[in-house]
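Q: First, the structure itself, so that you have it in front of you.
Computed from the coordinates by the stated procedures, all read-outs in this text should not be read as laboratory data. Quick caveat: nothing in here was measured; it's all calculated off a predicted structure. Here the Cβ positions follow ideal geometry from the backbone for every residue, glycine too, while neighbour counts run over all protein chains shown.
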Amino acid sequence: MSHENAVPTAPGRARWADRTRRALRGERGSVGAELVIATPLLVLMLLAIVQFALWSHATHIAQAAAAQGLATTRAQHGTTAAGTASARRILDRLAGGPLRGAAVTADRGATSASVRVTGTATPVVPFLRLPVHAEADGPVERFVPDPRGG
């Protein structure tokens, strides 16, 4: 019969129990200390994930507003005021939660137009302000007569 599978006798069982108790006595309270360290780190990681998701969503909203503003600005008879107003309407509908302090600027030249949207993502992690920036640009639509006269 092997010694590994042998059941200790009563005096052997008492010695084994004493050794086990002595070994475990030094570990008392270690779970509490680990939780005190691990729980705030876990909460901070969770908040960071939520913060990144909000920043990403705010960036997508800003990009959608910039694209809409560009479509209006670059139209054949479009203006920067119309493009800014169009982007503002999109922001008013979509950006109530994730995007704060949004500012829209539009530029239109003879051949190109651009719209920029800037702001900050709604903070979840204290003292963390993530900037949001989106820009769309493209050629101005204009009528060009056929040089062949046709």
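Q: Could you tell me which of rounded, prolate or oblate describes the range 30-139, using a ≥ b ≥ c as the square roots of the eigenvalues of the alpha-carbon gyration tensor, with rounded for a/c under 1.5 and, failing that, prolate when a/b is larger than b/c and oblate otherwise? Numbers along the way, then the final one.
A: Numbers: a/c = 4.64, a/b = 3.86, b/c = 1.20.
Prolate shape, in that a/c is at least 1.5 and a/b is the bigger ratio.
Q: Further question: Going by average Cβ density within 10 Å per residue, which order do the peptides 98-105, 37-44 take, highest to lowest?
A: Numbers: 98-105: 18.0, 37-44: 10.0.
Result, highest mean Cβ count within 10 Å first: 98-105, 37-44.
Q: Another question, if that's okay. What number comes out for the charge environment of Glu135, summing +1 per Lys or Arg and -1 per Asp or Glu over other residues with Cβ under 11 Å away?
A: Details: positive: Arg116; negative: Asp107, Asp137.
Neighbour charge sum, excluding Glu135 itself: -1.
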